[in-house]
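Reviewing the structure listed below.
The values are calculated or read from the model by the stated rules, or taken from the named source; none is laboratory data. Bear in mind that the values here come from a model prediction, so they are computed numbers and not experimental data. Cβ: placed from backbone, ideal geometry, glycine included. Neighbour counts: every protein chain shown. Quick note on the areas: whole protein, heavy atoms, side chains included, nothing else; ligands and nucleic acids left out. Shrake-Rupley method; radii C 1.70, N 1.55, O 1.52, S 1.80 Å.
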Amino acid sequence: MLTRISTDYVVTNRAGVIENRHAVHAAIVDANGQALYAIGDPSRLTLARSAAKTAQALAVLEFGAFERFDLDGADLALVCVLYSSEERHAPRTRRILSNIQYSESDLQYGGYLSTSHSVNRAWIKADFTPSPVYSNCSGKHAGILATTKAFGAVIQSYHLPTSPIQERIKDTVDELCQLPKGVEAGDSALDSRKYALGWFLNATSSYPDLVGGEDRYCTILMRAFPGLLIGKLGVDGCYGIGVKSSICADGFSGPSAVGIAVKIEDGGIPMLYAAVTEILFRLRIREPEVRKQLAAFHRLSIKNTVGVVTGGTAHMFKLRKIEVEDVAWS
(Lines give C-alpha, C1' and ligand atoms only; values in the text may rest on other atoms or scores of the structure.)
Protein backbone atom coordinates (compact mmCIF):
# COMPACT_ATOMS: atom_id res chain seq x y z
CA MET A 1 0.00 0.00 0.00
CA LEU A 2 1.42 3.34 -1.07
CA THR A 3 0.16 5.66 1.66
CA ARG A 4 1.72 8.86 2.91
CA ILE A 5 0.84 12.04 4.73
CA SER A 6 0.80 14.79 2.15
CA THR A 7 3.65 17.26 2.01
CA ASP A 8 2.41 18.48 -1.37
CA TYR A 9 0.46 21.73 -1.48
CA VAL A 10 -0.80 24.68 -3.41
CA VAL A 11 0.36 27.50 -1.14
CA THR A 12 -1.14 30.98 -0.83
CA ASN A 13 0.78 33.91 0.58
CA ARG A 14 0.16 37.54 1.44
CA ALA A 15 3.11 39.93 1.34
CA GLY A 16 5.43 36.94 1.23
CA VAL A 17 3.97 35.30 4.35
CA ILE A 18 2.44 31.83 3.86
CA GLU A 19 -1.22 32.08 4.73
CA ASN A 20 -2.67 28.70 3.68
CA ARG A 21 -1.48 25.31 2.46
CA HIS A 22 -3.97 23.38 0.35
CA ALA A 23 -2.94 19.70 0.29
CA VAL A 24 -2.91 18.05 -3.16
CA HIS A 25 -3.39 14.36 -3.93
CA ALA A 26 -3.23 12.97 -7.45
CA ALA A 27 -2.84 9.72 -9.35
CA ILE A 28 -1.79 9.47 -13.00
CA VAL A 29 -2.26 6.13 -14.77
CA ASP A 30 -2.01 4.77 -18.30
CA ALA A 31 -4.81 3.16 -20.32
CA ASN A 32 -4.23 -0.19 -18.60
CA GLY A 33 -4.51 1.29 -15.11
CA GLN A 34 -0.75 1.13 -14.57
CA ALA A 35 0.39 3.75 -12.04
CA LEU A 36 2.75 6.29 -13.59
CA TYR A 37 2.96 9.31 -11.30
CA ALA A 38 1.60 10.41 -7.94
CA ILE A 39 1.26 13.52 -5.79
CA GLY A 40 0.50 13.36 -2.09
CA ASP A 41 -1.40 10.17 -1.25
CA PRO A 42 -2.72 8.55 -4.47
CA SER A 43 -4.56 5.96 -2.34
CA ARG A 44 -6.63 8.54 -0.47
CA LEU A 45 -10.26 7.40 -0.44
CA THR A 46 -12.56 10.19 -1.56
CA LEU A 47 -15.95 10.77 -3.12
CA ALA A 48 -15.78 11.42 -6.86
CA ARG A 49 -18.95 13.53 -6.70
CA SER A 50 -19.88 14.90 -10.13
CA ALA A 51 -16.58 13.74 -11.61
CA ALA A 52 -18.36 10.37 -11.84
CA LYS A 53 -21.04 11.69 -14.19
CA THR A 54 -19.25 10.52 -17.30
CA ALA A 55 -19.31 6.96 -15.95
CA GLN A 56 -23.00 7.35 -15.10
CA ALA A 57 -23.71 8.68 -18.59
CA LEU A 58 -21.80 5.76 -20.09
CA ALA A 59 -24.32 3.38 -18.56
CA VAL A 60 -27.11 5.50 -20.09
CA LEU A 61 -25.41 5.41 -23.49
CA GLU A 62 -24.70 1.68 -23.45
CA PHE A 63 -28.30 0.85 -22.63
CA GLY A 64 -29.46 2.22 -25.98
CA ALA A 65 -31.56 5.09 -24.65
CA PHE A 66 -29.93 7.61 -26.99
CA GLU A 67 -30.82 5.66 -30.14
CA ARG A 68 -34.31 4.82 -28.95
CA PHE A 69 -35.27 8.41 -28.11
CA ASP A 70 -33.36 10.21 -30.89
CA LEU A 71 -30.89 11.91 -28.56
CA ASP A 72 -27.69 13.39 -29.96
CA GLY A 73 -24.18 14.48 -29.02
CA ALA A 74 -25.35 17.73 -27.44
CA ASP A 75 -27.73 15.76 -25.23
CA LEU A 76 -24.88 13.47 -24.21
CA ALA A 77 -22.68 16.45 -23.33
CA LEU A 78 -25.46 17.72 -21.07
CA VAL A 79 -26.04 14.36 -19.37
CA CYS A 80 -22.43 13.95 -18.24
CA VAL A 81 -21.64 17.43 -16.92
CA LEU A 82 -22.21 19.94 -14.12
CA TYR A 83 -23.28 23.03 -16.03
CA SER A 84 -23.92 26.68 -15.12
CA SER A 85 -27.70 26.70 -15.81
CA GLU A 86 -27.34 29.29 -18.56
CA GLU A 87 -30.02 29.93 -21.18
CA ARG A 88 -28.54 27.22 -23.43
CA HIS A 89 -28.84 24.49 -20.78
CA ALA A 90 -32.47 24.27 -19.58
CA PRO A 91 -33.96 24.02 -23.11
CA ARG A 92 -31.67 21.07 -23.83
CA THR A 93 -32.89 19.28 -20.69
CA ARG A 94 -36.48 20.00 -21.74
CA ARG A 95 -35.69 18.49 -25.16
CA ILE A 96 -34.56 15.24 -23.54
CA LEU A 97 -37.69 15.13 -21.37
CA SER A 98 -39.89 15.84 -24.39
CA ASN A 99 -38.27 13.08 -26.42
CA ILE A 100 -38.90 10.52 -23.69
CA GLN A 101 -42.41 11.93 -23.03
CA TYR A 102 -41.77 12.82 -19.42
CA SER A 103 -42.07 16.18 -17.70
CA GLU A 104 -40.08 18.30 -15.29
CA SER A 105 -42.22 16.99 -12.44
CA ASP A 106 -40.74 13.53 -13.00
CA LEU A 107 -37.25 14.75 -12.03
CA GLN A 108 -36.37 13.65 -8.51
CA TYR A 109 -34.36 16.80 -7.99
CA GLY A 110 -35.19 20.27 -6.71
CA GLY A 111 -34.31 23.72 -8.01
CA TYR A 112 -30.82 24.90 -7.16
CA LEU A 113 -28.63 27.97 -7.38
CA SER A 114 -26.42 28.25 -10.44
CA THR A 115 -22.66 27.73 -10.23
CA SER A 116 -22.41 31.01 -12.17
CA HIS A 117 -22.49 34.25 -10.15
CA SER A 118 -23.75 36.20 -13.16
CA VAL A 119 -26.65 33.78 -13.69
CA ASN A 120 -27.59 34.00 -10.01
CA ARG A 121 -27.53 37.82 -10.14
CA ALA A 122 -29.80 37.78 -13.19
CA TRP A 123 -32.22 35.42 -11.42
CA ILE A 124 -32.32 37.66 -8.34
CA LYS A 125 -32.97 40.78 -10.44
CA ALA A 126 -35.80 38.98 -12.24
CA ASP A 127 -37.19 37.57 -8.96
CA PHE A 128 -36.82 34.15 -10.58
CA THR A 129 -36.97 30.93 -8.58
CA PRO A 130 -35.20 28.10 -10.42
CA SER A 131 -37.25 24.96 -10.95
CA PRO A 132 -35.71 21.47 -11.22
CA VAL A 133 -34.98 21.78 -14.95
CA TYR A 134 -32.55 24.63 -14.14
CA SER A 135 -30.57 22.48 -11.74
CA ASN A 136 -26.95 21.89 -12.75
CA CYS A 137 -27.66 18.14 -12.53
CA SER A 138 -30.94 18.05 -14.44
CA GLY A 139 -29.29 16.75 -17.61
CA LYS A 140 -27.96 13.72 -15.80
CA HIS A 141 -31.34 13.04 -14.22
CA ALA A 142 -33.09 13.37 -17.59
CA GLY A 143 -30.61 10.89 -19.09
CA ILE A 144 -31.20 8.38 -16.31
CA LEU A 145 -34.97 8.81 -16.78
CA ALA A 146 -34.49 7.95 -20.47
CA THR A 147 -32.65 4.78 -19.49
CA THR A 148 -35.31 3.92 -16.92
CA LYS A 149 -37.99 4.13 -19.60
CA ALA A 150 -35.90 2.07 -22.04
CA PHE A 151 -35.42 -0.54 -19.32
CA GLY A 152 -39.11 -0.56 -18.38
CA ALA A 153 -38.39 0.19 -14.73
CA VAL A 154 -40.47 2.29 -12.33
CA ILE A 155 -39.60 5.93 -12.96
CA GLN A 156 -40.55 7.17 -9.48
CA SER A 157 -37.61 5.25 -7.97
CA TYR A 158 -34.97 5.85 -10.67
CA HIS A 159 -32.81 7.79 -8.18
CA LEU A 160 -32.77 5.13 -5.44
CA PRO A 161 -29.80 2.75 -4.94
CA THR A 162 -32.18 -0.21 -5.37
CA SER A 163 -33.24 0.88 -8.85
CA PRO A 164 -31.99 -1.49 -11.58
CA ILE A 165 -30.64 1.56 -13.42
CA GLN A 166 -28.60 2.67 -10.41
CA GLU A 167 -27.32 -0.88 -9.99
CA ARG A 168 -26.20 -0.88 -13.63
CA ILE A 169 -24.48 2.47 -13.11
CA LYS A 170 -22.65 1.03 -10.11
CA ASP A 171 -21.54 -1.98 -12.16
CA THR A 172 -20.27 0.33 -14.90
CA VAL A 173 -18.21 2.35 -12.41
CA ASP A 174 -16.82 -0.89 -10.93
CA GLU A 175 -15.81 -2.08 -14.38
CA LEU A 176 -14.20 1.21 -15.40
CA CYS A 177 -12.25 1.41 -12.13
CA GLN A 178 -11.28 -2.26 -12.30
CA LEU A 179 -12.76 -2.86 -8.87
CA PRO A 180 -13.07 -6.48 -7.74
CA LYS A 181 -16.54 -7.43 -8.79
CA GLY A 182 -18.30 -9.44 -11.09
CA VAL A 183 -18.69 -10.09 -14.69
CA GLU A 184 -15.81 -10.31 -17.12
CA ALA A 185 -16.42 -8.34 -20.31
CA GLY A 186 -15.88 -10.12 -23.61
CA ASP A 187 -14.14 -8.66 -26.67
CA SER A 188 -17.40 -7.49 -28.25
CA ALA A 189 -18.40 -5.66 -25.07
CA LEU A 190 -14.99 -3.99 -24.89
CA ASP A 191 -15.22 -2.90 -28.54
CA SER A 192 -18.68 -1.45 -27.86
CA ARG A 193 -17.36 0.45 -24.84
CA LYS A 194 -14.48 1.90 -26.85
CA TYR A 195 -17.03 3.17 -29.35
CA ALA A 196 -19.14 4.68 -26.57
CA LEU A 197 -16.11 6.37 -24.99
CA GLY A 198 -15.19 7.80 -28.38
CA TRP A 199 -18.70 9.26 -28.64
CA PHE A 200 -18.17 10.91 -25.25
CA LEU A 201 -14.98 12.58 -26.41
CA ASN A 202 -16.60 13.83 -29.61
CA ALA A 203 -19.69 15.10 -27.79
CA THR A 204 -17.84 17.06 -25.12
CA SER A 205 -15.33 18.43 -27.63
CA SER A 206 -18.10 19.52 -29.98
CA TYR A 207 -20.23 21.15 -27.26
CA PRO A 208 -17.82 22.57 -24.63
CA ASP A 209 -20.29 25.35 -23.74
CA LEU A 210 -22.82 22.74 -22.62
CA VAL A 211 -20.17 21.00 -20.51
CA GLY A 212 -19.78 23.92 -18.12
CA GLY A 213 -20.55 27.41 -19.30
CA GLU A 214 -19.13 30.90 -19.62
CA ASP A 215 -15.74 31.24 -17.88
CA ARG A 216 -15.98 27.68 -16.50
CA TYR A 217 -12.76 25.69 -16.26
CA CYS A 218 -14.15 22.51 -17.85
CA THR A 219 -15.30 24.45 -20.92
CA ILE A 220 -12.08 26.41 -21.31
CA LEU A 221 -9.94 23.31 -20.75
CA MET A 222 -11.66 21.37 -23.52
CA ARG A 223 -11.43 24.34 -25.85
CA ALA A 224 -7.69 24.46 -25.15
CA PHE A 225 -7.31 20.75 -25.93
CA PRO A 226 -9.91 20.24 -28.69
CA GLY A 227 -10.61 16.59 -29.25
CA LEU A 228 -7.77 15.47 -26.96
CA LEU A 229 -9.28 15.17 -23.52
CA ILE A 230 -12.35 15.14 -21.28
CA GLY A 231 -12.18 17.13 -18.05
CA LYS A 232 -14.80 16.82 -15.31
CA LEU A 233 -15.22 18.69 -12.05
CA GLY A 234 -16.50 17.04 -8.90
CA VAL A 235 -17.53 19.51 -6.21
CA ASP A 236 -15.54 19.62 -2.97
CA GLY A 237 -12.25 19.55 -4.79
CA CYS A 238 -12.23 16.55 -7.17
CA TYR A 239 -11.21 16.57 -10.81
CA GLY A 240 -10.90 13.81 -13.38
CA ILE A 241 -9.25 13.96 -16.81
CA GLY A 242 -9.10 11.39 -19.58
CA VAL A 243 -6.51 12.12 -22.26
CA LYS A 244 -7.16 10.54 -25.64
CA SER A 245 -3.56 10.58 -26.82
CA SER A 246 -0.86 12.18 -24.74
CA ILE A 247 2.03 14.19 -26.03
CA CYS A 248 4.13 14.18 -22.90
CA ALA A 249 7.66 13.58 -21.74
CA ASP A 250 9.04 10.52 -19.93
CA GLY A 251 7.35 7.72 -21.80
CA PHE A 252 3.93 9.28 -22.34
CA SER A 253 4.49 9.87 -26.06
CA GLY A 254 2.48 7.77 -28.44
CA PRO A 255 -1.09 6.53 -28.68
CA SER A 256 -1.52 5.51 -25.04
CA ALA A 257 -4.33 7.24 -23.17
CA VAL A 258 -3.76 8.74 -19.73
CA GLY A 259 -6.08 9.12 -16.74
CA ILE A 260 -5.55 11.86 -14.14
CA ALA A 261 -7.42 12.09 -10.82
CA VAL A 262 -6.85 15.07 -8.52
CA LYS A 263 -8.19 15.93 -5.05
CA ILE A 264 -7.68 19.12 -3.03
CA GLU A 265 -7.91 18.15 0.63
CA ASP A 266 -9.92 21.18 1.76
CA GLY A 267 -12.28 21.15 -1.22
CA GLY A 268 -11.19 24.54 -2.59
CA ILE A 269 -12.17 24.78 -6.26
CA PRO A 270 -9.82 27.64 -7.32
CA MET A 271 -6.88 25.77 -5.77
CA LEU A 272 -8.05 22.60 -7.53
CA TYR A 273 -8.00 24.30 -10.93
CA ALA A 274 -4.56 25.73 -10.19
CA ALA A 275 -3.22 22.29 -9.30
CA VAL A 276 -4.82 20.53 -12.30
CA THR A 277 -3.37 23.12 -14.68
CA GLU A 278 0.10 22.81 -13.17
CA ILE A 279 -0.05 19.00 -13.43
CA LEU A 280 -0.97 19.20 -17.11
CA PHE A 281 1.92 21.58 -17.74
CA ARG A 282 4.39 19.37 -15.87
CA LEU A 283 3.29 16.37 -17.88
CA ARG A 284 3.79 18.49 -21.00
CA ILE A 285 0.52 17.38 -22.53
CA ARG A 286 0.47 19.10 -25.91
CA GLU A 287 2.30 22.29 -26.85
CA PRO A 288 2.77 25.29 -24.54
CA GLU A 289 0.32 27.55 -26.42
CA VAL A 290 -2.46 26.29 -24.16
CA ARG A 291 -0.80 28.02 -21.20
CA LYS A 292 -2.25 31.37 -22.25
CA GLN A 293 -5.79 29.96 -22.43
CA LEU A 294 -5.51 28.48 -18.91
CA ALA A 295 -3.44 31.27 -17.35
CA ALA A 296 -6.35 32.74 -15.39
CA PHE A 297 -6.65 29.48 -13.43
CA HIS A 298 -2.97 28.65 -13.01
CA ARG A 299 -1.04 31.10 -10.80
CA LEU A 300 -3.71 33.02 -8.95
CA SER A 301 -3.09 36.52 -7.67
CA ILE A 302 -4.63 37.81 -4.44
CA LYS A 303 -5.89 41.36 -4.84
CA ASN A 304 -7.45 43.89 -2.50
CA THR A 305 -10.66 45.78 -3.24
CA VAL A 306 -8.90 48.32 -5.50
CA GLY A 307 -7.05 45.70 -7.51
CA VAL A 308 -3.63 45.93 -5.88
CA VAL A 309 -1.85 42.55 -5.80
CA THR A 310 -1.19 41.61 -2.18
CA GLY A 311 -0.25 37.98 -2.60
CA GLY A 312 -0.32 34.93 -4.80
CA THR A 313 -0.10 31.18 -5.11
CA ALA A 314 2.71 28.68 -5.62
CA HIS A 315 2.66 24.99 -6.54
CA MET A 316 4.68 23.33 -3.80
CA PHE A 317 4.22 19.73 -4.86
CA LYS A 318 6.30 17.07 -6.54
CA LEU A 319 5.22 14.78 -9.35
CA ARG A 320 6.70 11.46 -8.26
CA LYS A 321 7.39 8.75 -10.79
CA ILE A 322 6.01 5.42 -9.58
CA GLU A 323 8.04 2.25 -9.79
CA VAL A 324 6.24 -1.08 -10.21
CA GLU A 325 7.27 -2.37 -6.78
CA ASP A 326 5.72 0.71 -5.12
CA VAL A 327 2.22 0.13 -6.39
CA ALA A 328 -0.67 -1.16 -4.33
CA TRP A 329 -3.28 1.54 -4.65
CA SER A 330 -6.30 -0.41 -3.50
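Values computed for the structure shown
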{"read-out": "G311 long-range amide H proximity, modeled H, under 5 Å", "value": "A15, I302"}
{"read-out": "Rounded percent of accessible protein surface that carbon and sulfur make up, the range 1-146, 1.4 Å probe", "value": "51"}
{"read-out": "Dipole of the chain, positive end: most advanced residue of N20, A52, G64 [Cβ charges, Cα centre]", "value": "N20"}
{"read-out": "Inter-probe distance in nm under a simple model that places probes 7 Å from Cα toward Cβ, at E214 and L45", "value": "4.3"}
{"read-out": "Gain on full stretching of the segment that runs from K244 to D72 - 0.36 nm per residue minus C-alpha separation", "value": "59.8 nm"}
{"read-out": "Computed lengthening from V154 to R291, 0.36 nm per intervening residue step minus Cα-Cα distance", "value": "44.5 nm"}
{"read-out": "Sequence-distant lysines (8 or more away, or on other chains) whose Cα lies within less than 23 Å of K53", "value": "K140, K149, K170, K181, K194, K232, K244, K263"}
{"read-out": "Amide H contacts under 5 Å for A31, placed H, 5+ residues apart", "value": "A257"}
{"read-out": "Pairwise label distance in nanometres, K321 with F128, each label 7 Å out on the Cα-Cβ vector", "value": "5.3"}
{"read-out": "Helical contribution to [θ] at 222 nm, DSSP H n ≥ 4, -39,500 (n - 2.57), averaged over the chain, rounded to 500", "value": "-11000 deg cm²/dmol"}
{"read-out": "In order through the range 33-46: 3J(HN,Hα) via Karplus (6.51 cos²θ - 1.76 cosθ + 1.60), integer Hz, x for Gly, Pro", "value": "x, 6, 5, 10, 9, 8, 9, x, 9, x, 8, 4, 6, 8"}
{"read-out": "Overall form of the range 1-118 per C-alpha gyration tensor (a/c, 1.5; a/b vs b/c)", "value": "oblate"}
{"read-out": "Average accessible area per residue (Å²) across the chain - probe 1.4 Å, nucleic acids and ligands excluded", "value": "49"}
{"read-out": "Three-way shape call for the chain based on the alpha-carbon gyration tensor, with the a/c threshold at 1.5", "value": "oblate"}
